Structures are given as structure tokens and as C-alpha cells.
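Undergrad: A single structure is presented below for examination.
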Amino acid sequence: MNDELELLIEANASAWRDRDPSGRIVPPPAWWDLPPDARVLAFDAQVATRELERAVDSSGFSGTVKAVLARLGG
Amino acid sequence: MALVERPIRGSLRRFARAIDVESALQETFLRMWVARQDRAREFAGENASLRFTLRVARNVALEEVRRARLEHLVALDDLEAKSEPSIDPTTPSDPGLLRAIKDCVLRLQGKPRYALFARLMSGYEVPDRDLAATLGMAVNTFLQNIVRARKAVAVCLEGKGL
């Protein structure tokens, strides 16, 4: 895997997601730059990142859970 | 939500070539929360809540595939033939593994440590560009440091025989 692709994949690993004007949760801009096979690698990076987040969170929550709770609370 | 996250995410892997699964999963949980507010709805039977969430997740994913017109990247015929989504076997989080991961993360040093900690602690509510700016890094440098940190954690876990 080349460095550029590695960074593109990492740019999709965060749990932070923006919303479009209609309120729909949308992928990061970098997602659209990924070829289909690399999107599967981005999925795997998301899985790995969520495990890291669970490991260091005192409640064992992943970034996904915390992002959704933040939206519900906000 | 935390209990069903892993099997629901696993069930969406088949869509990963066409959609951003993280976005679909968050949308699924938001819809699930709305459904939970409906007191007339009952979740009865074995794994009822999980099965309901699996159906919601599949519908969200199919909506996104069709919106992006990327049906050719997913085997939709196979999916639509099944009225009930299957629960893929998902290994539960291993407390011992999570402890080992935490130990390895805590051993990180320097900029990779700062970048990964910023992502792990605040990445759910702060975009990478803002985390990078807080650390005085360009976004690409921030991402490079996270990649380095991730590799160092992997080496550390290998050293623990994991």
C-alpha cells in the first residue's frame, strides 16, 4: 500500500461525521477518493480504530457510540 | 447501542465497497433511538432488539447504495432474497485484549502518541483538521502520526503474542 492511499484510508477512520443541509450523515470527503477495494480497507481501519477507542475509554464506548450519544444530547 | 455495535457493523461489511459504513451505522443508531421512543413498539423474543437493528441497518445501507447508484458494487439480489438479515458471528470484545491494547497505546511516545490520543479521546466530536490544528500539525502530518502510532501498537501487541 502506498503512503497516499494509507493516509486516505486513515482520513476515513475517525468517527466524526458531518451532516448535509438535510441533516443526513455524510462520509468524509476523502471517502469519495477511495477506489472500491480500498473502501474495504477503510472499513477495516474503522473497525480497528473503534477497538482502540473502546480500550482507552473508561466506559468501554467506541467513538461511534459517543458520536451518536453526542448527537442525541445536542 | 454499545452491545450491538460490533455485530451490526459486521453485518454491514458486505456494503463496504459502496458506502461509508461508519455513516450508515450512526444513522442506524439514531433511527433505533427514535424507534425506542415509540412505546407501542415491543421488542419481544430472542435477540429482538438486535434483529430489529439489523433490519434498520440493512435498510439504511440499501438507501445509501441506491442514492449513490452503486448497486453494481453490492450483491443486492442475494440480500433481497432474504427477508430476515442474518446475525453474523462476531467475536465479543476480549477484556484481556482490550487491556493489552490500552497498555500498548499508553507506551506510545512523542507526536504519534499526541495524535492518536487526540483522535481516540475527541475524534468522535472534533474533525481531524481541528485536532491537527490544536496540535500544530498539518492534517497530513497528523494522519501520518496516527498511522505510525497504529503500527507501533500493532508491533507492541505482536510482542505480547497477540
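Undergrad: Rounded to the nearest 0.05, what FRET efficiency do B:Arg107 and B:Val34 have when you use their Cβ-Cβ distance and R0 = 35 Å? Walk me through the numbers on the way to the answer.
TA: Values: r = 42 Å, r/R0 = 1.20.
The formula returns an efficiency of 0.25 here.
Undergrad: Of the peptides B:48-59, B:110-121, how do they stack up when ordered by the mean number of other Cβ atoms within 10 Å, highest first?
TA: In decreasing order of mean packing, B:48-59, B:110-121 become B:110-121, B:48-59.
Undergrad: Assuming a ≥ b ≥ c are the square roots of the Cα gyration tensor eigenvalues, decide whether chain A counts as rounded (a/c under 1.5), prolate (otherwise, with a/b larger than b/c) or oblate.
TA: oblate
Undergrad: Quickly work out the B:Arg13-to-B:Arg66 label distance, labels modelled 7 Å from Cα along the C-beta direction, and quote it in nm with one decimal.
TA: Taking the two extended label points, one gets 2.7 nm.
Undergrad: Once both axes come from the Cα atoms, what is the angle between helix A:63-73 and the longest principal axis of chain A, in degrees from 0 to 90, rounded to 10?
TA: For A:63-73 against chain A, the angle is about 50 degrees.
Undergrad: Assuming a viscosity of 1.567 mPa s and a temperature of 4 °C, what translational diffusion coefficient in µm² per second does Stokes-Einstein assign to chain B, Rh being the Kirkwood radius over Cα pairs?
TA: Values: Rh = 18.4 Å.
It diffuses with D of about 70 µm²/s by this estimate.
Undergrad: I've got another one for you. Could you bin all the Cα-Cα distances of region B:95-159 into 5 Å bins starting at 0 and give me the percent of pairs in each, rounded to whole numbers?
TA: Pair shares across the bins are 4, 20, 28, 22, 15, 8, 3, 0.
Undergrad: Excluding same-chain pairs closer than 8 in sequence, count the lysine pairs in the protein assembly as shown whose Cα atoms lie under 21 Å apart.
TA: Pairs that pass both the separation and distance tests number 6.
Undergrad: Let me ask something else. Determine the sum of side-chain charges near B:His72: Lys and Arg each +1, Asp and Glu each -1, restricted to other residues whose C-beta is under 13 angstrom from that of B:His72.
TA: Result for the neighbourhood of B:His72: +1.
Undergrad: Considering just Cα atoms, how many Å³ per residue does the convex hull of the protein assembly as shown enclose? Walk me through the numbers before you get to the answer.
TA: Working: hull volume 34.0 nm³, N = 236.
Cα convex hull per residue, to the nearest whole number: 144 Å³.
Since every read-out is calculated from the coordinates, none of them should be taken as a lab result. What you see is a predicted model, and the numbers here were worked out from it, not measured in a lab. Using ideal geometry, Cβ is built from the backbone for each residue, glycine included, and neighbour counts are taken over all protein chains shown.
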